[in-house]
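The values are calculated or read from the model by the stated rules, or taken from the named source; none is laboratory data. Please read these numbers as outputs of a predicted model, since none were measured by experiment. All Cβ positions, glycine included, derive from the backbone under ideal geometry; neighbour counts span all protein chains shown.
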Amino acid sequence: MHHLSHLIAAIATLLLILTTPAFGSDEWFDTEALDNFLTAIAFSILVLVYISLARRRDLTIRRLGGLEALDEALGRATEMGKPVLFIHGLHDMNSVSTIAAVNVLSQLARRAAEFGTHLMVANRYPIVMSVSQEVVKEAFADAGRPDAYNEQDIFFAAADQFSYAATLDGLIVREEPAANIMMGYFYAESLLLAETGATTGAIQIAGTDAYTQLPFFITTCDYTLMGEELYAASAYLSRDPKLLGSLKAQDIGKAAITALLIVGTFLATFGISLPFLGAS
Amino acid sequence: MANLTNIDRRWIFLAVFISVLVPLLVGFHLPVKASPNVRAIYTSIDALDAKAGDTVLMSFDFGPSTLTELQPMAKAVLRHCFRKKLKVVGVTLLPEGVGIAETILSDVAAEFGATYGEDYIFLGYKAGNEVLILNMGEELRAAFSTDVRGTPLDDLTVTRPLRSLGDMAYVLDISAGYPGVEEWIQYGQERYRFKLGAGCTAVMAPDFFPFLQSGQLDGLLGGLAGAAEYETLIGQPDAAVSGMRPQSVGHVVIILFILFGNVAYFASRRGGGS
Amino acid sequence: MPFLQRTLPLILAFVAGIVGILTFYIPAASGIETEGATWYRIIFAFSMILGIHSLLSMHWRRIRRRQAGWGYSAVTWFGFLAMFIFGVWNNSHGPGAPIDLQGGGMVWLYDHIQVPAGATMFSLLAFFIASAAYRTFRARTPEAAILLVAAVVVMLGRVPIGVYLSEHVPTLSQWLMATPNMAARRGILIGVTLGAIATSLRIIFGIERAYLGEESEDV
């Protein structure tokens, strides 16, 4: 709750200052962005409120097939004595999809340590690699298997898109991982990776918010997490109340936008314009 | 019939190879009609005024892997700009884009007798991705104090009057991924309100349709087909128009395989029961 | 060093996040943004050193231990050294200048090795798409059948040959891309954007600490 109170205090002060006639001017506040600002504030408050509420209430989340299959993939890899290959997407650590992927990796690494499965993690950026190493190391320690952690299993594959794809294709063909888990934002290399993995008979689970790559993953992978299902993955796997609360706030935000869309469509269809909405 | 539902993929690869190779060797004409998204970029650039000093910024955000698909559109737009005697500033957000951009700029400039420094310049590459766009939007010289050859921007006719991205009459980003069009929209067009057109690989084009409808993107060149349409508009068919032949035949072959696969699937279901 | 490893990064994330948001709405603060952006670019460039070290040390280990495929690791080292040497010493000026390579060795290596290699990898997509489409585009359900028909229409509409079949094919293809496809794209985009905002807020307020390699914090 202290985050929320800080936010409200900061916003109130800022609004007071910026809207005071003596102080306010276009230099200090871009009035054209006011609707954007208010929407951002409203949604931010919603997220923080639900994160606070999450500890007091049980929040349910619908089943995500791809994540249910993670245990199956790990079990299969352990039985076959083959590794599991986790492939990060092509965005750096400042991307939300990479953060979501790291969250999934954390949960996957914990389970891999419990099962005794060999986990390999491919990265395209050095910072993502460093974060992944920390996350996996901590996960192995939490699972009581710090000795099983091998830093070299979390490696920097290549910086270039197709060099990354070529490196991983070679790795998939040589090592024949039992499971390929691709999480993050992908581009054209998605099909190169997934199709190569399909030829080796691996279980493939993909999660991406890259809309244009979804068809390729859906056709070549056993399970695909689409769009924000990737962001929900960490909440789903950990059942962390804070993450579930954040997810609830997102759902309410989506419901609000849907309601606005319906109202707007109705207004536009019947040619009703509202001056305060700037409608033409 | 069951075997036909599971053909060895190498036969498919061979068929695709032949379907691409033969049309490259055998010439035939296919009409190319410009779509509204491509025509929008053409119309905007055509409306620019060289006498008023209108400058076009082109960002070459692609590497060698997508060169074949994106170079033709870069060349077509450049030809349009040089033909209209517009000033052109080149930049790239990718280190591997430097060699590509330099080659494209110098090759097309040579066709029109354009002079480096007077008619076009190349800023080169700096690290930072979207942050570089922010820098350029605030103050061009904060991002690039010199061009790629080390000449201060104030010493070049093209860049002397330019202070930031807002001074560009048109910005065209040609990209194959990240950093690319979305970054130019989020960190460039949304903040500094310049006119932005985009070129991208065909698979990425649907990603940017929402931005076209919202007006954040002026127009869109999607893949080799988009480049072919632009070449048709400027009346100078080149690699993209030629590329439409193998692309067309390739698409038809893939469709035939899909249909064949479905026929075999339904036939095997009927033969073997459900 | 819990302060350096945990507290300082959290403070930096909070300050950078709030400043980044506010500068979007406060034009007068654009100078702060430019300065921060310049710092970021410098740090980003240095971070490549981490990656190069990781890449080269991993491959060196494979060569030293003669692990399976160590030859490819040797090729990686050779390629890196070749480009590095030519990049630093021979840009048509240094010791390699007598070799008549236009633009210097690095440009030659780039034009004659990297460009064709990259184009080759990208071109694999054409073959993989064909085999994946053949294997998986089966009209098993009504929805799959609709998808199949739409895919065929769009594939034909995107190339000039579609016009020969029917002049309506390009129009229908454009409609499919601009209307139902865009509706789906927008739906996913709205969800993804809200998810991104929520995740960003969690990072700014220190609730999400995945980037530090830690569990999330109690609110």
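In segment B:12-48, how many are farther than 30 Å from C:Ser131 by Cα and over 23 Å from the mean Cα position of the chain (by Cα)?
Count: 0.
Output the residue which, of all residues in segment B:207-223 that are hydrophobic (A, V, I, L, M, F, W, C) and in contact (Cβ under 8 Å) with a residue 24 or more places away in the chain, is surrounded by the most Cβ atoms within 10 Å (Cβ to Cβ).
Applying the filter and picking the extreme gives B:Leu221.
Which numbered condition trips up B:Ser44, out of (1) loosely packed, with under 13 Cβ neighbours inside 10 Å; (2) in the same structural domain as B:Ile174 (by TED's automatic domain parsing)?
(1)
Regarding segment B:166-174, can at least one residue be identified that is farther than 21 Å from B:Arg79 by Cβ and surrounded by 23 or more Cβ atoms within 10 Å (Cβ to Cβ)?
Within segment B:166-174 (the criterion being farther than 21 Å from B:Arg79 by Cβ and surrounded by 23 or more Cβ atoms within 10 Å (Cβ to Cβ)), the answer is no, since none of the residues qualifies.
Against the definition (out of contact with any Ser or Thr (no Cβ under 6 Å at 6 or more places or on another chain) and either crowded, with 21+ Cβ neighbours inside 10 Å or over 20 Å from B:Thr66 (Cα atoms) (or both)), how does A:Gln213 come out, yes or no?
So A:Gln213 fails the test.
Would you please name the residue that is modelled with the lowest pLDDT, looking only at residues in segment B:233-274 that are outside any helix (DSSP H, G or I) and over 19 Å from the mean Cα position of the chain (by Cα)?
Kept after step one, since they are outside any helix (DSSP H, G or I), are these residues of segment B:233-274: B:234-238, B:273-274.
Next cut, over 19 Å from the mean Cα position of the chain (by Cα) only: B:273-274.
Working: B:Gly273: 47, B:Ser274: 43.
My answer is B:Ser274.
Determine if segment C:11-25 includes at least one residue that is within 11 Å of chain B (Cβ to nearest Cβ), under 26 Å from the mean Cα position of the chain (by Cα) and surrounded by 12 or more Cβ atoms within 10 Å (Cβ to Cβ).
Looking through segment C:11-25, at least one residue is within 11 Å of chain B (Cβ to nearest Cβ), under 26 Å from the mean Cα position of the chain (by Cα) and surrounded by 12 or more Cβ atoms within 10 Å (Cβ to Cβ).
Can you list the helices (runs of 4 or more DSSP H) lying wholly within segment C:100-219 that have 3 or more residues being facing another protein chain (nearest Cβ under 10 Å)?
So the answer is C:115-136, C:142-157, C:161-165, C:168-178, C:180-204.
Does B:Gly188 qualify as being buried (at least 23 other Cβ atoms within 10 Å of the Cβ), touching a helix residue (DSSP H, G or I) at 6+ places or on another chain (Cβ under 8 Å), in the same structural domain as B:Arg79 (by TED's automatic domain parsing) and at positive phi?
No, not satisfied.
Against the definition (under 30 Å from C:Ser131 (Cβ atoms) and touching a Leu at 6+ places or on another chain (Cβ under 6 Å)), how does B:Met244 come out, yes or no?
yes
Applying the selection to segment C:148-182, what residues are surrounded by fewer than 18 Cβ atoms within 10 Å (Cβ to Cβ), under 23 Å from A:Tyr211 (Cβ atoms) and among the small types (Gly, Ala, Ser)?
Matches in segment C:148-182: C:Ala150, C:Ala151, C:Ala178.
Out of (1) farther than 24 Å from C:Leu165 by Cα; (2) more than 21 Å from the chain's Cα centre (by Cα); (3) free of Cβ contacts under 8 Å to residues at least 40 places away in the same chain, the odd one out for B:Gly53 is which?
Of (1) farther than 24 Å from C:Leu165 by Cα; (2) more than 21 Å from the chain's Cα centre (by Cα); (3) free of Cβ contacts under 8 Å to residues at least 40 places away in the same chain, only one is false for B:Gly53: (3).
Could you list all residues from segment A:79-92 that are part of a loop (DSSP other than H, G, I, E, B) and crowded, with 18+ Cβ neighbours inside 10 Å?
Pass one, segment A:79-92, residues part of a loop (DSSP other than H, G, I, E, B): A:81-83, A:89-92.
Of everything in segment A:79-92, those that are part of a loop (DSSP other than H, G, I, E, B) and crowded, with 18+ Cβ neighbours inside 10 Å turn out to be A:Lys82, A:Pro83, A:Gly89, A:Leu90, A:His91, A:Asp92.
Name, by its number, the condition in (1) over 30 Å from C:Pro27 (Cα atoms); (2) surrounded by 23 or more Cβ atoms within 10 Å (Cβ to Cβ) that does not hold for B:Glu102.
(2)
Which condition breaks for B:Ser106 when tested against (1) away from chain C (no Cβ under 14 Å); (2) over 30 Å from C:Leu165 (Cβ atoms); (3) hydroxyl-bearing (Ser, Thr, Tyr); (4) in a helix (DSSP H, G or I)?
(1)
Can you tell me which residue is farthest from the other protein chains (Cβ to nearest Cβ) among those in segment A:199-251 that are part of a loop (DSSP other than H, G, I, E, B) and within 30 Å of C:Ala126 (Cα to Cα)?
In the first step, residues of segment A:199-251 are kept if they are part of a loop (DSSP other than H, G, I, E, B); the result is A:200-202, A:209-210, A:221-222, A:227, A:239-240.
Subsequent filtering for residues that are within 30 Å of C:Ala126 (Cα to Cα) retains A:200-202, A:209-210, A:221-222, A:227.
On the way: A:Thr200: 13, A:Gly201: 13, A:Ala202: 15, A:Asp209: 5, A:Ala210: 8, A:Cys221: 10, A:Asp222: 12, A:Gly227: 4 Å.
Once the filter is applied, the top-ranked residue is A:Ala202.
Hey, can you tell me all the residues within segment A:52-78 that are touching a residue at least 12 places away in the same chain (Cβ under 8 Å), over 21 Å from A:Ser106 (Cα atoms) and either surrounded by fewer than 15 Cβ atoms within 10 Å (Cβ to Cβ) or under 20 Å from the mean Cα position of the chain (by Cα) (or both)?
In the first step, residues of segment A:52-78 are kept if they are touching a residue at least 12 places away in the same chain (Cβ under 8 Å); the result is A:52-55, A:59, A:61, A:64-67, A:69-78.
Those still in the list that are over 21 Å from A:Ser106 (Cα atoms) too: A:52-55, A:59.
If the condition is that a residue be touching a residue at least 12 places away in the same chain (Cβ under 8 Å), over 21 Å from A:Ser106 (Cα atoms) and either surrounded by fewer than 15 Cβ atoms within 10 Å (Cβ to Cβ) or under 20 Å from the mean Cα position of the chain (by Cα) (or both), then A:Ala54, A:Arg55, A:Leu59 are the ones that fit.
Just to be sure, is B:Leu94 under 29 Å from C:Gln114 (Cβ atoms), touching a residue at least 60 places away in the same chain (Cβ under 8 Å) and part of a loop (DSSP other than H, G, I, E, B)? Steps first, answer last, please.
Values: under 29 Å from C:Gln114 (Cβ atoms): yes; touching a residue at least 60 places away in the same chain (Cβ under 8 Å): yes; part of a loop (DSSP other than H, G, I, E, B): yes.
Judged against the criteria, B:Leu94 is a match.
Here are some residues: B:Arg39, B:Arg79. Which one is more than 12 Å from chain C (Cβ to nearest Cβ) and either closer than 26 Å to B:Asp147 by Cα or aromatic (Phe, Trp, Tyr) (or both)?
B:Arg79
Can you tell me how many residues within segment B:63-91 are in contact (Cβ under 8 Å) with a residue 40 or more places away in the chain and of a type outside the set (Ser, Thr, Tyr)?
Residues meeting the conditions: 18.
Consider segment C:61-76. How many of its residues are surrounded by 15 or more Cβ atoms within 10 Å (Cβ to Cβ) and either closer than 20 Å to A:Met129 by Cα or charged (D, E, K, R) (or both)?
Residues that pass the stated criteria total 3.
Pick out the one residue from B:Gly261, B:Gly219, B:Gly235 that is on the phi > 0 side of the Ramachandran plot and not charged (D, E, K, R).
Residue meeting the stated conditions: B:Gly235.
Against the definition (at pLDDT 95 or above and touching a Lys or Arg at 6+ places or on another chain (Cβ under 6 Å)), how does B:Tyr230 come out, yes or no?
no
Filter segment A:79-92 down to residues that are under 19 Å from the mean Cα position of the chain (by Cα) and of a type in the set (D, E, K, R), then give me how many there are.
So the answer is 1.
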